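Report on the structure given below.
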Amino acid sequence: MEAVKVFEKKDAKLDWEYDEDADTLYLSFGKPRPAAGIDIGKGVIVRFDEQAREVVGLTIIGVGHQLESYVRRSS
């Protein structure tokens, strides 16, 4: 079985965008590119380039809501 590359490019630029209306954070490792989305639960989607067999980003749904809930529980 061939290995999947996960975060191997330590010098890759981190690109991000937050959509306030959708409360969604998009993170890309290197320049954003098309990828398959794999839902790993709790609002986290791993973006995976199937040809290169590497993780190219993360999408976090409801990130603002999750942070607010965490702060309330911690107070």
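Here are a few things to note about the model shown:
- Tilt relative to the chain, helix 63-74 - C-alpha long axis, 0 to 90 degrees, to 10: 50
- Under a model in which nothing but the beta-carbon of Lys, Arg (+1) and Asp, Glu (-1) is charged, the chain shows a dipole of about 300 debye around its Cα centre.
- The protection proxy used here, the mean number of other Cβ atoms lying within 10 Å of each residue, ranks peptides 55-64, 38-47 as follows, highest first: 55-64, 38-47.
- Summed over all non-identical Cα pairs, the Kirkwood treatment of the chain gives a radius of 13.5 Å.
- Normalised per residue, the accessible area of the chain is 78 Å², obtained with a 1.4 Å probe and no contribution from ligands, DNA or RNA.
- Carbon/sulfur fraction of accessible area - the chain, other protein chains in place, 1.4 Å, %: 56
The values are calculated or read from the model by the stated rules, or taken from the named source; none is laboratory data. If you're wondering where the values come from, they're calculated on a predicted model, not measured in any experiment. When we count neighbours, we look across all protein chains shown, and the Cβ atoms used for this are built from the backbone with ideal geometry, even at glycine. Protein only, heavy atoms only, side chains kept; ligands, DNA and RNA dropped before computing areas. Shrake-Rupley method; radii C 1.70, N 1.55, O 1.52, S 1.80 Å.
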